[in-house]
Every structure is written in structure tokens, then in C-alpha cells.
1. In the range 64-77, what residues are buried (at least 19 other Cβ atoms within 10 Å of the Cβ) and touching a strand residue (DSSP E or B) at 6+ places or on another chain (Cβ under 8 Å)?
2. Is it the case that some residue within the range 273-284 is on the phi < 0 side of the Ramachandran plot, crowded, with 20+ Cβ neighbours inside 10 Å and assigned to a strand (DSSP E or B)?
3. If residue 301 passes every condition in (1) surrounded by fewer than 21 Cβ atoms within 10 Å (Cβ to Cβ); (2) over 30 Å from residue 72 (Cα atoms); (3) at pLDDT below 95 but one, which one does it miss?
4. Report the residue count in the range 326-345 for those that are closer than 14 Å to residue 395 by Cα and within 25 Å of the chain's Cα centre (by Cα).
5. Would you pick out the residues in the range 173-219 that are farther than 19 Å from residue 355 by Cα, surrounded by 17 or more Cβ atoms within 10 Å (Cβ to Cβ) and either free of Cβ contacts under 8 Å to residues at least 24 places away in the same chain or under 24 Å from the mean Cα position of the chain (by Cα) (or both)?
6. For the range 37-48, which residues satisfy the criterion of being in contact (Cβ under 8 Å) with a residue 40 or more places away in the chain and either out of contact with any helix residue (DSSP H, G or I) (no Cβ under 7 Å at 6 or more places or on another chain) or loosely packed, with under 15 Cβ neighbours inside 10 Å (or both)?
7. Do we find a residue being in contact with a helix residue (DSSP H, G or I) (Cβ under 9 Å, 6 or more places away or on another chain), at pLDDT 95 or above and assigned to a helix (DSSP H, G or I) anywhere in the range 49-62?
């Protein structure tokens, strides 16, 4: 089997296995003309989607933010890719590995409207963004700006370059319920000085689900000569966007979150003209200027995961990203609207639709977050993630497309009981 034959056969294999998408395709075809706002609350349709997932019955899983596990179609594809790569062995690795990886990068880039020349397939958001943080040519006294609510792994990487290079880190605290976009823009602007090199912001804050006005913050920073790196771990394949709309310099995400790709798959985006100014973590071979491959040379890795990303995209395209996004936002509104403004309960996520997707956070004033999460699990069979960070005390609730409103009703009842 030669190189071209393998790629051709890979395509045939995918086409043959796509029969497993038939039920989903039929369900989607039946609602093709239903408005998104109406379909988002159509429990009959989403129960059909739920049928694509093998769900553990022991508890209600409302912690999909760490890892959105695979629908059965993607899982079966992953297993088949493992068999195929294992069958080919070194022949696959020495012939078509990189060509297929380029195909994956192209498909991942297409979702957000950028070019594959600006995208590297990584293992997760942490790897993606830490490559940038550690790759900037820092000088003693340079400054970086970030928020207390940012993800811990990136904050730790900034602490590392602070110790190693003498970088000064400036932290702001993002309010859970901002009054306006301008309040958020001004907050970040207040921390920028003439020594600031890099500003990190979340597209969607992982602990509250708040969506930040990225473009407005980027425009402010660029006007002051500061580059912007965006943590998009929870935004990619969750809230529809195009990269050119953001105009950020760097963007990292985890594909095993809301795309429901296999564990250990991520993406790094770097503006084409910025690639060469970042030092790679590991030495690369000689490449043409601004070749993205220089930034994620990691040696031999599980290439079957790369191939299954294509199948995860196929599943999402069949369902429709806009439909998925509308459902996730509907689910967040469904449960948070029943708990907002109740005594003894704090909903730590914004109310406005444009400021959130499917992630929410709720706290019970008299309970520490860890105790709230433990009691939700032990007494009510509901799995969430305890969050105890500056300004955010509660549990993170992250439904997925298979989550039902009955399950969220159980959450609402449990929180009310525990707050009484």
C-alpha cells in the first residue's frame, strides 16, 4: 500500500463507518427548518442526541468542562484508527503521518475561519498557551497582564517566567456580573503600562462561564502596542466565532472539551507573522520562515487521536454548531433562572445571554464549595466541580448536549434543599 492509497483507504473507511451517523442525520433533517430558539428546548430532539452517548447511570454528570466524553460514533472511529495505525506501524508513521496531521489542522482551522498555516495540533490548552508564555523573548522588567480568575496552569507558567526572567506579572480581578463591556476593557487597560508585553484573557472564563468581549479588549491592547493571548479552552466549538473577528495574536484551546474529540487533543493558533518571534520549546529542524510546525515538535505521539479529531468534527457538523451552542445556552439559562435571586444562593455567572454559553456556577452561602460539591454527589447523585477562587465560591455546572432538563431540575431541587 503506497502513501496515496492509505489516505484514499482512510477516506473509504470513514465513509463506510459514517453509516453510524444515519440516525443523527435523520433526526437533524426532521428539524432542519425549526428555529434555533425553539429547537434548543425541544426535549424530544435532544433525547435522540442523547442516544449517541453511553452514559454512566450511577450519577448525573454535570462536569463536562474537564472532558466532554465522546459520542459512540467518534469512539468507534477512534478504535478503528488505532487498529489501522497499529496494522501499518512504522510504515504509516514514515509516510502519511504528517500529511494526515495537516488535514486535521485544516479541518480544525476551518471551524474558526483561519488558515491551517496558523494552526498546530497540540495536546491541550495548557500546552498551547504555555508554548507561547515560555516562548516569548522576555527581558527583565517586561510585564504581563492576566486575571486572578484565569486557569491555574497558565498563571503558574507566568510565575515561572517571573522567577526565570524577571518578568513582572500584573493581576486584575474580573467581576462576575459586569455592568458593561467598557467596564471590562477599562479593567484590563488599567493594568497596562509602557512595559507590558503580553496580555492574557479568557474567551470564556472556565470557573464561571462568563464570555469576555475579546475584540474590544484586543483593540484596546493593540492600540497600546501589547500583544494578546486568548485562553479559548471553553469557547472553541461552544460559542460560534471566527478568528478574524477576534484579531488576537495567539489562541489556544482543548479539542477534547466542547468538540468532544479524544483526550489529549488541542489546538494552538498563532498569527502567521508572529510565528518566528516565539522560541519553540523543543528544537525544530530547518523550516521556511513562519512555519507553524516549528512550535510543536514533540516527537512520536498517538497519531490515531489526530485522525479521530476529523470524526469529532464530522459529528459536530452533522449536529450543527449553531444548534449545539443554542442548546448549551438554553440549558444554562434553564437552571440558573430558577436559582437567581433566591436567599442564601449565589449564581456566579452573568445573566445576559451574550455573556455566557453553557457553563454556570452556583454557590450556597452557608457551605464551602468542597462541601457543596460533596453533598450534591453523596446526597443527590449529582457530579459537579468545586470552585474556590478569588470572587468565585461555588460549584461549576457544565451540562453537555446529552443533558436533560429533568437532570437540571434535580440540580435545582438539590441546591434549594441544601440552602434551606
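1. 64, 65
2. No, because not a single residue in the range 273-284 is on the phi < 0 side of the Ramachandran plot, crowded, with 20+ Cβ neighbours inside 10 Å and assigned to a strand (DSSP E or B).
3. Among (1) surrounded by fewer than 21 Cβ atoms within 10 Å (Cβ to Cβ); (2) over 30 Å from residue 72 (Cα atoms); (3) at pLDDT below 95, the lone unmet condition for residue 301 is (2).
4. 3
5. Selection gives 198, 199.
6. Selection gives 37, 43, 47.
7. There is at least one residue in the range 49-62 that is in contact with a helix residue (DSSP H, G or I) (Cβ under 9 Å, 6 or more places away or on another chain), at pLDDT 95 or above and assigned to a helix (DSSP H, G or I).
The rows are residues; the columns are (1) within 16 Å of residue 109 (Cα to Cα); (2) touching a strand residue (DSSP E or B) at 6+ places or on another chain (Cβ under 7 Å).
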site: 181; (1), (2): no, no
site: 193; (1), (2): no, yes
site: 233; (1), (2): yes, yes
site: 241; (1), (2): yes, no
site: 259; (1), (2): yes, no
site: 270; (1), (2): yes, yes
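The values are calculated or read from the model by the stated rules, or taken from the named source; none is laboratory data. No experiment lies behind these values; they were computed from the predicted model shown. Neighbour counts run over all protein chains shown; Cβ positions are idealised from the backbone, glycine included.
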